[in-house]
Amino acid sequence: MTAKNRPFLSVFLLSLLTITGCKADHTAEKPEQPAGNQAVTLTINPRKTYQTIEHFGASDAWACQFVGNWPDEARNGIADLLFSRDTLPTGQPKGIGLSLWRFNIGAGTAEQGDASGIRDEWRRAESFLNNDGTYNWNKQTGQLWFLQAAKQRGVAEFLAFPNSPPVQLTTNRKGYAHNGQPNLNPDQFDRYAEFLAKVVAGVRDKTGITFQYVSPVNEPQWDWSDGGQEGTPFYNNQIAGLTRSLSAALLKHNLPTKINIAEAGQIDYLYADHNRPGRSNQITDFFQKSSPDYVGDLPNLTRAISGHSYFTTSPQKTAVDKRKQLAAGLAAQAGLNYWMSEYCILGDNDGEIQGNGRDLGIDPALYVASVIHNDLTQANASAWHWWIALSPYNYKDGLVYVDKNKTEGRYQSSKMLWALGHYSRFIRPGAVRVETVAPARTEGVQISSFRNPDGQLVTVIVNTTQRPIDVATQLTTGTISGVRIYQTSSKTDLAPVAETSRGQITAAARSITTVVGRYQE
């Protein structure tokens, strides 16, 4: 929209917030202002749009295999936190309203027990496949419970993913590789594809749920040879061959399920020759027609490639630069979307935050919210998925933390759950990201806006600074009514925030704020 035909600016009551500065989707540099309250005008242009959001999700690996068999009160309480879109009498959302649930197809290491070589029993997984080639659909019952609980609470999309082929098909008959070598011979690709197709059909027959997507490989760049969990590396040409086999198997079984690839271990492998020859440059290899590994013409392949945000999120400049490179790589293949399909806080993140050590507080929540913002606004991700929804570990990997007890136990939410909820609860499938422009910038504040299919305009503000924020917000066109405000801080969890008598709000220091209102042209 040019300046000469821009409609009048219509102010809606998003907030007056005080900040040291503001980083929106597109901003111009300005020297940092002295300390003290500062009014900043944020302009939202609902007519300038970017990617369409498909879903926000999380996975059931690994604790759901046990927690799904806990007593009803506990497992239903956890399911409400993850999937519910209901509102409590206080006005607080009951849950974060995930719109996709990821189901881990086990390789059978649980049946092998200690002989599996996977030391942690909670990281082993059952398989539907028996040694005699038959299938037992009464396996993975805890996971099936959560699958059905998600559907009952309104989740509409489901993705099935294995970390390893079933142990009956792997070269070493284990659920992890040896010496960094792929653990599935090419002559087994068709059998593996048939297994995945039969699992999709079997789960449908058992539960009435048909997986919309299946993702046949996971982080193929890593060696997966230490017995820490199920997993295997693959080369790009092997992934292409397996994907072709899986496409044919799904079609043979008349299944509508689409295939998603490639679950890259970190985003560099999608767009660059990184440090794994034959396992990088996956956008080009899989979606450029001249590539021998081109699979973009398969009728049941999603027009989306997936990758994981690990090890690329700090410092901020590196995070932004890498995501801009990813966006450029995607743009070279017309119509190709990007799914950020797995993340939790791993490693030392350039000294900014450690993955090790459980922390239910605001610090990891703010870090996660910043990662989500960068993935959505810099990489133009159309989907964003958390790794393990439930964690029994002393690590920053869970949305909900549970006792490491197979039959019953306690659970507690983390603020990382609510950080994701600031996006997933309010930005619904089919939403489009819209332009957000702030005239001033300093570090520590990130703002993004989205238009939902039902006409709601959603703005998320991540304030990592030690000061509260005042932002005056304008629309380039249209009006906003029925504004609702939610905030997570050191003291609150996605709590409703009342406007002041002047129609303003204050976003606390070190907080995440979501503002929702009905937009009309």
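The values are calculated or read from the model by the stated rules, or taken from the named source; none is laboratory data. Keep in mind that what you see is a predicted model, and the values were worked out from it rather than measured. Here Cβ is always computed from backbone atoms with ideal geometry, including for glycine, and neighbour counts include all displayed protein chains. To get the accessible areas, we keep the full protein, side chains included, count just its heavy atoms, and leave off ligands, DNA and RNA. Shrake-Rupley method; radii C 1.70, N 1.55, O 1.52, S 1.80 Å.
If I ask for residues that are surrounded by fewer than 20 Cβ atoms within 10 Å (Cβ to Cβ) and part of a helix (DSSP H, G or I), which ones from segment 278-331 would you list?
Once the filter is applied, which keeps residues that are surrounded by fewer than 20 Cβ atoms within 10 Å (Cβ to Cβ) and part of a helix (DSSP H, G or I), segment 278-331 yields Gln316, Lys317, Thr318, Val320, Asp321, Lys324, Gln325, Ala327, Ala328, Ala331.
Taking segment 129-151, which residues are open to solvent by 40 Å² or more (accessible area, probe 1.4 Å), in contact (Cβ under 8 Å) with a residue 12 or more places away in the chain and polar (S, T, N, Q)?
If the condition is that a residue be open to solvent by 40 Å² or more (accessible area, probe 1.4 Å), in contact (Cβ under 8 Å) with a residue 12 or more places away in the chain and polar (S, T, N, Q), then Asn131, Thr141, Gln148 are the ones that fit.
Scan segment 31-62 residue by residue and report those that are more than 24 Å from Thr479 (Cβ to Cβ) and at pLDDT below 95. Step through it out loud before you land on a result.
Step one: filter segment 31-62 for residues more than 24 Å from Thr479 (Cβ to Cβ), giving 31-38, 51, 54-62.
Pro31, Glu32, Gln33, Pro34, Ala35, Gly36, Asn37, Gln38, listed by residue number.
Would you point out the residue of segment 91-137, among those that are among the hydroxyl-bearing types (Ser, Thr, Tyr), within 28 Å of the chain's Cα centre (by Cα) and assigned to a loop (DSSP other than H, G, I, E, B), that is nearest to Asn218 (Cα to Cα)? I'd like the intermediate steps shown before the answer.
Looking only at segment 91-137, we keep the residues that are among the hydroxyl-bearing types (Ser, Thr, Tyr), and these are 99, 109, 116, 127, 134-135.
With within 28 Å of the chain's Cα centre (by Cα) added as a condition, the list becomes 99, 109, 127.
When the remaining residues are screened for being assigned to a loop (DSSP other than H, G, I, E, B), the result is 99, 127.
Values: Ser99: 21, Ser127: 17 Å.
It comes out as Ser127.
If we keep just the residues of segment 374-429 that are hydrophobic (A, V, I, L, M, F, W, C) and part of a loop (DSSP other than H, G, I, E, B), which is farthest from Glu342 (Cα to Cα)? Full working, then the answer.
Narrowing segment 374-429 to residues hydrophobic (A, V, I, L, M, F, W, C): 376, 379, 381, 383-384, 386-390, 399-400, 402, 416-420, 426-427.
When the remaining residues are screened for being part of a loop (DSSP other than H, G, I, E, B), the result is 379, 381, 389, 399, 426-427.
Details: Ala379: 14, Ala381: 12, Ala389: 11, Leu399: 13, Phe426: 20, Ile427: 18 Å.
Among residues in segment 374-429 that are hydrophobic (A, V, I, L, M, F, W, C) and part of a loop (DSSP other than H, G, I, E, B), the one farthest from Glu342 (Cα to Cα) is Phe426.
Being open to solvent by less than 30 Å² (accessible area, probe 1.4 Å) and closer than 26 Å to Asp120 by Cα, is that true of even one residue in segment 45-57? Walk me through it before giving the result.
Kept after step one, since they are open to solvent by less than 30 Å² (accessible area, probe 1.4 Å), are these residues of segment 45-57: 45-46, 51, 53, 55-57.
Applying the additional criterion that residues be closer than 26 Å to Asp120 by Cα yields 57.
There is at least one residue in segment 45-57 that is open to solvent by less than 30 Å² (accessible area, probe 1.4 Å) and closer than 26 Å to Asp120 by Cα.
So Asp350 ticks every box in (1) closer than 17 Å to Leu420 by Cα; (2) of a type in the set (Asp, Glu); (3) touching a Pro at 6+ places or on another chain (Cβ under 7 Å) but one. Which box is left unticked?
Every condition holds for Asp350 apart from (1).
Among the residues of segment 127-147, write down those that are over 19 Å from Trp387 (Cα atoms) and not hydroxyl-bearing (Ser, Thr, Tyr).
Step one: of segment 127-147, the residues over 19 Å from Trp387 (Cα atoms) are 127-139, 141.
Answer for segment 127-147, where residues must be over 19 Å from Trp387 (Cα atoms) and not hydroxyl-bearing (Ser, Thr, Tyr): Phe128, Leu129, Asn130, Asn131, Asp132, Gly133, Asn136, Trp137, Asn138, Lys139.
Does at least one position in segment 440-450 carry a residue that is crowded, with 22+ Cβ neighbours inside 10 Å, in a strand (DSSP E or B) and among the aromatic types (Phe, Trp, Tyr)?
For segment 440-450, residues crowded, with 22+ Cβ neighbours inside 10 Å, in a strand (DSSP E or B) and among the aromatic types (Phe, Trp, Tyr): present.
Scan Ala334, Ala262 and give me the residue that is of a type in the set (Gly, Ala, Ser), out of contact with any Cys (no Cβ under 8 Å at 6 or more places or on another chain) and surrounded by 19 or more Cβ atoms within 10 Å (Cβ to Cβ). Break it down into steps so the answer makes sense when it comes.
Values: Ala334 fails: surrounded by 19 or more Cβ atoms within 10 Å (Cβ to Cβ).
Residue meeting the stated conditions: Ala262.
Give all pairs with beta carbons closer than 6 Å in which a residue from segment 399-411 that is free of Cβ contacts under 8 Å to residues at least 12 places away in the same chain meets a residue that is assigned to a loop (DSSP other than H, G, I, E, B) and open to solvent by less than 90 Å² (accessible area, probe 1.4 Å); count only pairs at least 6 apart in sequence or on separate chains.
Qualifying pairs under 6 Å: Asp403/Gly409.
Among (1) within 20 Å of Ala495 (Cβ to Cβ); (2) open to solvent by 10 Å² or more (accessible area, probe 1.4 Å); (3) touching an Asp or Glu at 6+ places or on another chain (Cβ under 9 Å), there is one condition Pro93 misses while meeting the rest; what is its number?
Evaluating Pro93 over (1) within 20 Å of Ala495 (Cβ to Cβ); (2) open to solvent by 10 Å² or more (accessible area, probe 1.4 Å); (3) touching an Asp or Glu at 6+ places or on another chain (Cβ under 9 Å) leaves (2) as the failure.
From (1) among the charged types (D, E, K, R); (2) touching a residue at least 24 places away in the same chain (Cβ under 8 Å); (3) farther than 25 Å from Tyr343 by Cβ, pick out the condition that doesn't hold for Lys289.
(2)
Every residue, every condition in (1) of a type in the set (A, V, I, L, M); (2) open to solvent by 40 Å² or more (accessible area, probe 1.4 Å); (3) without any contact (Cβ under 8 Å) to a residue 12 or more places away in the chain, yes or no:
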residue	(1), (2), (3)
Ala156	yes, yes, no
Arg173	no, yes, yes
Asp190	no, yes, no
Val199	yes, no, no
Thr207	no, no, no
Phe211	no, no, no
Val217	yes, no, no
Gln221	no, no, no
